[in-house]
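Below: one structure, written as structure tokens.
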Amino acid sequence: MLMKLQRPSRELTGDDVLRRLRARLPGPMRGASLDTALADLPIDSLDVVDLLCLVDDEFGVRFEQGEFAGFRTVGNLADVVARAARAGHELNNGAGS
């Protein structure tokens, strides 16, 4: 995962990330909570690409498509995105944590 700083971010949280994902991807993210398993989202491989592009555009955090499989829940993904956006530099994705 690479991080490119686009703009200063306040204390971004996983809840903030989820709210922004819901706003930009209302179909696949409808009804999703931080506890929702990513496998339970109604998404296909094209939706995953859209999600990864959105995360890059919205938060300046870039994942490879293969890294997405390491995330178990929406909250796990959202927390890693928030942490990376706050850090402003390259991080390990911490998908298993």
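A short reminder: the numbers here are calculations on the coordinates, not readings from a lab. What you see is a predicted model; the values in this text were computed from it and never measured. Here the Cβ positions follow ideal geometry from the backbone for every residue, glycine too, while neighbour counts run over all protein chains shown.
Work out the FRET efficiency for Glu11 and Asp44 from their Cβ-Cβ distance, taking R0 = 35 Å, and round it to the nearest 0.05. It would help to have the intermediate numbers written out before the result.
Working: r = 34 Å, r/R0 = 0.96.
E between Glu11 and Asp44, to the nearest 0.05, is 0.55.
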Which distance in nm do the two modelled labels at Gln65 and Ala87 give, with both placed 7 Å along the Cα-to-Cβ direction?
-> 2.5
With a ≥ b ≥ c the root eigenvalues of the C-alpha gyration tensor of the range 13-96, is it rounded (a/c under 1.5), prolate (a/b larger than b/c) or oblate?
-> rounded
